[in-house]
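See structure below.
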């Protein structure tokens, strides 16, 4: 499992993408935490002269210029908004189910969104190649039914080509395989 502290966002205010602060996404739970981090950095005012003890006073947009982390990048829109709630839900589900964030990120790259049930239905594991997955699948499902003399005629590359043409997806960057449900 990836460390959530590797996931962070650069929040900014006043429409100036350089006037902001990096915030570790494991240290926040909602917009109030973001506002407090911005107030602590002196970027937004508080209702008290002491920035630390005062309550942040900011009604503007909480914008994100960039993020770090494979999972966080999927929750950043091109309009500098970040879906904190969606990110937190995904990260919590990954943590509860012991899913590596890179695996979840590869699924989101492929599927376009996060849904734990769909992820669990689709995931097949991590492999070095499409052929490696096809070989394992064939051996588990069919090899025991073949006579020893026929086993030399199995074309795993062709079997893999057929599998991944329509029924499976292989992420070239990570090696994760997903079943098209």
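The values are calculated or read from the model by the stated rules, or taken from the named source; none is laboratory data. From a predicted model like this one, the values you see are computed outputs, not experimental measurements. Neighbour counts are summed over all protein chains in view; Cβ atoms, including those assigned to glycine, are modelled from backbone coordinates with ideal geometry.
Scoring residue 60 on the criteria (1) buried (at least 19 other Cβ atoms within 10 Å of the Cβ); (2) over 17 Å from residue 176 (Cα atoms) leaves a single failure, condition (1). Assess whether residue 98 counts as being touching a residue at least 40 places away in the same chain (Cβ under 8 Å), exposed (fewer than 14 other Cβ atoms within 10 Å of the Cβ) and either closer than 30 Å to residue 178 by Cβ or assigned by TED's automatic domain parsing to the domain that holds residue 174 (or both). Yes; evaluated as a whole, the condition is true for this residue.
Residue 174 satisfies every condition listed in (1) in contact with a helix residue (DSSP H, G or I) (Cβ under 6 Å, 6 or more places away or on another chain); (2) assigned by TED's automatic domain parsing to the domain that holds residue 25; (3) outside any helix (DSSP H, G or I) except (2).
Scanning region 142-154 finds no residues that are surrounded by 16 or more Cβ atoms within 10 Å (Cβ to Cβ) and either part of a helix (DSSP H, G or I) or modelled with pLDDT of 95 or more (or both). Out of 162, 173, 121, one residue alone is in contact (Cβ under 8 Å) with a residue 60 or more places away in the chain, surrounded by fewer than 18 Cβ atoms within 10 Å (Cβ to Cβ) and out of contact with any strand residue (DSSP E or B) (no Cβ under 8 Å at 6 or more places or on another chain). It is 173.
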